[in-house]
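Have a look at the structure below before the remarks.
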């Protein structure tokens with residue numbers, strides 16, 4: 001069994017890819033060398049979890065307690081974290097967030113409007129579709145998560161546009177200080193809103209990084225694939241921390257020598273397991289118990305509430321390569337085994353391989369069943385299936 005498990009994971013290796021990934025970067029600019037990170041988040045992966053700094057509880061006269069991105073990242077166990085909105089401080093530890101911020105459906109800070117123009121902002125729907133636009137209060141109300149840049153104000157004459165507008169560089173009219181080299185933080189989306197692109201650029205550090213102007217930053221975002229993007233708080237606030245699965249923490253070099261305490265943040269993580277799709281036929285509910293980690297001997301795939309008298313098969317397969325048959329969707333299975341069913345329930349124990357090379361692999365699981373009283377898959381009468389489960393193999 002253990003040898004077969006190793007073979008199964010080896011087969012999966014070419015299909016595993018990072019849904020949240022960050023890469024150190026070095027850029028050549030007209031002002032000298034700039035350094036920092038770019039990152040990509042695949043919102044289409046159902047395992048991706050989005051986090052924006054929560055509202056204070058109980059609510060206070062101020063909106064936020066200042067906290068470093070590094071502490072927030074560690075406390076929440078994120079895989080990727082960056083700083084977000086500009087903010088105005090009240091005391092050494094308290095602040096108000098400037099512009100829209102929303103955390104898991106709860107508004108932290110409202111939309112800011114100057115004249116008739118709302119700030120450029122990023123909103124993400126409950127179905128994890130991202131939109132960058134001049135977000136109105138109506139659009140914000142439908143979002144589950146949101147962060148914002150800043151639009152126009154009385155402090156300067158810069159229009160305060162998006163950083164990238166429909167694939168066009170509009171950095172010269174974005175705020176703040178568009179033509180000054182500074183540390184920078186930016187976030188954007190592709191055209192269908194399923195990919196997020198992030199850039200964090202260090203600056204103000206001789207022999208390390210000169211920073212970027214906003215037109216230069218916009219070019220970085222366009223090069224990554226951004227259709228629209230916004231500039232977030234920068235300068236000493238610019239922070240990025242990345243904890244790859246099975247790897248060591250990576251982080252940028254803030255201009256102040258350490259991560260500044262800021263008012264809010266946005267971060268991302270991967271749920272270890274997530275149920276995908278729906279069962280077809282009276283297939284019951286898929287689940288798992290134990291620890292899906294390298295070398296674990298207590299992990300098991302479970303099935304509850306299925307049609308009694310069915311023949312149950314526990315299957316592992318390739319996420320992203322499913323195929324449909326009638327009302328059913330099946331994993332592209334590479335291994336399966338028959339499992340005794342008792343009262344409509346079944347359990348299959350799988351010793352997890354103990355090879356560090358497999359950390360971070362995505363494994364698909366599903367229950368396949370025969371002897372259904374209905375035939376949702378006409379090609380194989382009596383075949384039905386549970387929902388699918390995607391699991392991340394942790395170190």
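Taking the stretch 267-316 as the region of interest, the strands (runs of 3 or more DSSP E) fully inside it that hold 1 or more residues being over 30 Å from residue 241 (Cα atoms) and outside the structural domain of residue 251 (by TED's automatic domain parsing) are 285-289, 300-304. Can you tell me which residue among 222, 187 is in a helix (DSSP H, G or I) and either within 25 Å of residue 90 (Cα to Cα) or outside the structural domain of residue 289 (by TED's automatic domain parsing) (or both)? After ruling out the rest, the residue left standing is 222. For the stretch 232-256, the set of residues classified as touching a helix residue (DSSP H, G or I) at 6+ places or on another chain (Cβ under 9 Å), touching a residue at least 24 places away in the same chain (Cβ under 8 Å) and surrounded by fewer than 20 Cβ atoms within 10 Å (Cβ to Cβ) consists of 246, 251, listed by residue number. On inspection, residue 156 does not qualify as surrounded by fewer than 19 Cβ atoms within 10 Å (Cβ to Cβ) and either in contact with a helix residue (DSSP H, G or I) (Cβ under 8 Å, 6 or more places away or on another chain) or outside the structural domain of residue 226 (by TED's automatic domain parsing) (or both).
Output the residue which, of all residues in the stretch 225-242 that are in a helix (DSSP H, G or I) and in contact with a strand residue (DSSP E or B) (Cβ under 6 Å, 6 or more places away or on another chain), is farthest from residue 98 (Cα to Cα). Taking the candidates together, the pick is 235. Listed conditions (1) under 21 Å from the mean Cα position of the chain (by Cα); (2) closer than 24 Å to residue 225 by Cβ; (3) in a helix (DSSP H, G or I) are all met by residue 140, apart from (2).
Within the stretch 361-395, the set of residues being part of a strand (DSSP E or B) and surrounded by fewer than 18 Cβ atoms within 10 Å (Cβ to Cβ) comprises 370, 394.
For residue 141, the conditions (1) touching a residue at least 12 places away in the same chain (Cβ under 8 Å); (2) closer than 25 Å to residue 48 by Cα; (3) surrounded by fewer than 22 Cβ atoms within 10 Å (Cβ to Cβ) all hold with the exception of (1). The residues listed here are 392, 335, 329; of these, the one that is in contact with a helix residue (DSSP H, G or I) (Cβ under 9 Å, 6 or more places away or on another chain) and touching a residue at least 12 places away in the same chain (Cβ under 8 Å) is 335. For the stretch 44-82, the tally of residues that are closer than 16 Å to residue 268 by Cβ, touching a strand residue (DSSP E or B) at 6+ places or on another chain (Cβ under 6 Å), at pLDDT 95 or above and assigned to a loop (DSSP other than H, G, I, E, B) stands at 4.
Selection of the stretch 12-43 for residues being at pLDDT below 95, assigned to a loop (DSSP other than H, G, I, E, B) and either exposed (fewer than 15 other Cβ atoms within 10 Å of the Cβ) or more than 18 Å from the chain's Cα centre (by Cα) (or both) yields only 17. The test for being at pLDDT below 95, more than 28 Å from the chain's Cα centre (by Cα) and under 11 Å from residue 313 (Cα atoms) does not hold for residue 373.
Please tell me if residue 321 is part of a strand (DSSP E or B), touching a helix residue (DSSP H, G or I) at 6+ places or on another chain (Cβ under 8 Å) and not assigned by TED's automatic domain parsing to the domain that holds residue 51. Yes; evaluated as a whole, the condition is true for this residue.
Give the stretch 55-103 a look and list any residue that's within 25 Å of residue 118 (Cα to Cα) and touching a helix residue (DSSP H, G or I) at 6+ places or on another chain (Cβ under 7 Å), or say none. The answer is 82, 83, 100, 102. Taking the listed residues 229, 218, the one that is within 25 Å of residue 179 (Cβ to Cβ), within 17 Å of the chain's Cα centre (by Cα), buried (at least 24 other Cβ atoms within 10 Å of the Cβ) and modelled with pLDDT of 95 or more is 229, with no other qualifying.
The values are calculated or read from the model by the stated rules, or taken from the named source; none is laboratory data. Note that the coordinates shown come from a computational prediction; the quantities given were computed from them, not determined experimentally. Methodologically, a virtual Cβ is constructed for each residue, glycine included, from the backbone with ideal geometry; neighbour enumeration extends over all protein chains shown.
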